1. From the list Gln34, Gln92, exactly one residue is more than 17 Å from Leu128 (Cα to Cα) and modelled with pLDDT under 95. Which is it?
2. Looking at (1) in a strand (DSSP E or B); (2) in contact with a helix residue (DSSP H, G or I) (Cβ under 8 Å, 6 or more places away or on another chain), find the lone condition where Arg60 falls short.
3. Could you count how many residues in region 78-98 are small (Gly, Ala, Ser) and touching a strand residue (DSSP E or B) at 6+ places or on another chain (Cβ under 7 Å)?
4. Just name the residue that is nearest to the ligand (Cβ to nearest atom) out of those in region 94-136 that are assigned to a loop (DSSP other than H, G, I, E, B) and polar (S, T, N, Q).
5. I need the full set of residues from region 1-31 which are over 22 Å from Glu132 (Cβ atoms) and not hydrophobic (A, V, I, L, M, F, W, C), in order please.
6. Could you say whether any residue in region 69-84 is within 13 Å of the ligand (Cβ to nearest atom), surrounded by fewer than 13 Cβ atoms within 10 Å (Cβ to Cβ), assigned to a helix (DSSP H, G or I) and free of Cβ contacts under 8 Å to residues at least 12 places away in the same chain?
7. Could you tell me whether any residue of region 56-77 is under 19 Å from Glu114 (Cα atoms) and in contact with a strand residue (DSSP E or B) (Cβ under 7 Å, 6 or more places away or on another chain)?
8. Among the residues of region 25-46 satisfying the criterion of being β-branched (Val, Ile, Thr) and surrounded by 14 or more Cβ atoms within 10 Å (Cβ to Cβ), which is farthest from the chain's Cα centre (by Cα)?
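The values are calculated or read from the model by the stated rules, or taken from the named source; none is laboratory data. Note that this is a predicted model, so its numbers are computed, not measured. Here the Cβ positions follow ideal geometry from the backbone for every residue, glycine too, while neighbour counts run over all protein chains shown.
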Amino acid sequence: MITGLSHVSIVVPDLAAAVDRLQRVYGLTADAPQVNEQQGVRLAYVVLPNAKIELMEPTRPDSPVAKFLEKNPNGGIHHFCLNVDDLDASRQALAGNGARVLGDGSPQHNVHGERIAFVHPKDFLGALVELEQHRSGT
Ligand code: CMX
């Protein structure tokens, strides 16, 4: 079951420059950058009361995010992320409704160690959607 909006994710060509710009222009403060080796991204979050803004840059040439930057050199919105209470149940329910949850089912994790999966953009109105299971349900 979908329980809320976790974050909107923007891929940027230069994380430090993006963090600096959000601070200077919008007064938004990002937390310290962290690396998610599995996903090949360095990221920082602006934490808002109801959701986060995630800023990401690739850490290696074969990062999926590097592929996105090749197509969009100035960056842009990459995905948004919905919280789910049970990732396996959501995967199964969505598959039963004809929506493709990407990957072979082997576990993927966000930088906080929570389980994640991605829904094929063509099966969510053209937008890439991440599903994130709350830590309590990991
Ligand atoms: N928005 C819309 N469409 C997108 C997209 C995006 N951001 N990224 C890819 N697509 C489209 C592709 O164009 C492709 O379309 P076609 O089937 O028409 O060619 C399709 O989706 C599949 O993309 P692909 O790159 O060919 O497929 P892969 O299996 O190689 O990659 C994907 C799947 C999209 C999940 C991967 O590229 C990706 O972006 N992974 C997300 C990595 C990420 O954001 N990790 C963050 C973790 C954050 C954390 O730690 O919190």
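1. Result: Gln92 is the single residue among Gln34, Gln92 that is more than 17 Å from Leu128 (Cα to Cα) and modelled with pLDDT under 95.
2. (1)
3. Number satisfying all stated conditions: 2.
4. Asn110
5. Residues satisfying the conditions are Pro13, Asp14, Asp20, Arg21, Gln23, Arg24, Tyr26, Gly27, Thr29.
6. Taking every residue of region 69-84 in turn, at least one turns out to be within 13 Å of the ligand (Cβ to nearest atom), surrounded by fewer than 13 Cβ atoms within 10 Å (Cβ to Cβ), assigned to a helix (DSSP H, G or I) and free of Cβ contacts under 8 Å to residues at least 12 places away in the same chain.
7. Yes; the residues of region 56-77 include at least one that is under 19 Å from Glu114 (Cα atoms) and in contact with a strand residue (DSSP E or B) (Cβ under 7 Å, 6 or more places away or on another chain).
8. Applying the filter and picking the extreme gives Val46.
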